[in-house]
1. Within the stretch 20-123, what whole-number % of the accessible surface is contributed by carbon and sulfur, with the 1.4 Å probe and all protein chains included in the calculation?
2. Report ³J(HN,Hα) in whole Hz for each residue of the stretch 83-98, in order, from the Karplus equation J = 6.51 cos²θ - 1.76 cosθ + 1.60 where θ = phi - 60°; Gly and Pro get x.
3. At 1.4 Å probe size, with every protein chain present, just tell me what the per residue accessible area of the chain comes to in Å².
4. How would you rank 164-172, 75-83, highest first, on the average number of other Cβ atoms within 10 Å across their residues?
5. Kindly write out, for the stretch 133-140 in residue order, the coupling ³J(HN,Hα) from the Karplus curve 6.51 cos²θ - 1.76 cosθ + 1.60 (θ = phi - 60°), rounded to whole Hz, with x marking Gly and Pro.
6. Please report, to two decimal places, log10 I(q)/I(0) for the chain at q = 0.10, 0.12, 0.14 Å⁻¹ as given by the Debye formula with identical point scatterers on the Cα atoms and no solvent.
7. Filter Lys27/Lys155; Lys80/Lys155; Lys172/Lys207; Lys27/Lys101 down to the pairs with a C-alpha to C-alpha distance above 31 Å, please.
8. Residues with amide H under 5 Å of Asn149's amide H, sequence separation 5 or more or different chain, H placed in the peptide plane at 1.01 Å from N; which?
Amino acid sequence: MPGPLRLFPQIKGGILFHATQAEQLTKCEVFRELKDLKGYGGVSLPEWVCTTFHTSGYDTQAIVQNNDSTEYGLFQINNKIWCKDDQNPHSSNICNISCDKFLDDDLTDDIMCVSLPEWVCTTFHTSGYDTQAIVQNNDSTEYGLFQINNKIWCKDDQNPHSSNICNISCDKFLDDDLTDDIMCVKKILDKVGINYWLAHKALCSEKLDQWLCEKF
């Protein structure tokens, strides 16, 4: 089964590597962007930085075409299993995303795909996979699959003067369309990191095989 990470030579399977309008990150930029992957899968941050260098040359728009598949972005994520494009419209698409999303400079989608078992585990221990989960605290409420709090990230009647960093009404996190949720999650990751979700460090940072989806 194709994995999300592959070695990156200049010629691969007889197919020339090519990328258009390449976005070449520096080593230090990659180190900073991948900080939330530190220790994931028992892999240190320098190991991740080294792997992405030899996988894509730190190029967020790297595209490698094989005979029957294509690999995208910094992590060279493969379109037969992990994402979907016109070449493989019937991909398993485990990360539930269009492959071209891995070609921009926002690495949140890439990192979420690479660390998918962590997110599956974290959302289980955060909301029980319930998109309509509501948890009321003394002075705040948390909403949806990712339990996003109304004091900072969204606004509702309880906290009409919320900072509302995600610029959204909290009830938008209670439907089955996770687009809004994920956009807000990106902002949370950018500002406070993965440890916003307390379950992650305590329960979801190691021994993650049980959180892989068996049907794939």
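1. Values: 2360 of 4650 Å².
Looking at the stretch 20-123 in its full context, I get 51 percent from C and S.
2. Once θ is set to phi - 60°, the couplings for the stretch 83-98 become 9, 10, 8, 5, 5, 10, x, 9, 3, 4, 6, 4, 8, 6, 7, 6 Hz.
3. Details: 11880 Å² over 216 residues.
Here the residues of the chain average 55 Å² of exposed surface.
4. On the way: 164-172: 17.4, 75-83: 24.2.
Peptide ranking by packing, descending: 75-83, 164-172.
5. Each residue of the stretch 133-140 in turn: 5, 10, 10, 9, 9, 4, 10, 7 Hz.
6. Calculated log10 I(q)/I(0) at the listed q: -0.48, -0.68, -0.90.
7. Details: Lys27/Lys155 38 Å; Lys80/Lys155 40 Å; Lys172/Lys207 33 Å; Lys27/Lys101 22 Å.
Distance filter (> 31 Å) returns Lys27/Lys155; Lys80/Lys155; Lys172/Lys207.
8. Under 5 Å from the amide H of Asn149: Tyr143.
The values are calculated or read from the model by the stated rules, or taken from the named source; none is laboratory data. As the structure is a computational prediction, the values presented were derived from the model and not from experiment. With ideal geometry, Cβ positions are generated from the backbone for all residues, glycine too; neighbour counts draw on all protein chains shown. SASA here: full protein model, heavy atoms, side chains in, ligands and nucleic acids out. Shrake-Rupley method; radii C 1.70, N 1.55, O 1.52, S 1.80 Å.
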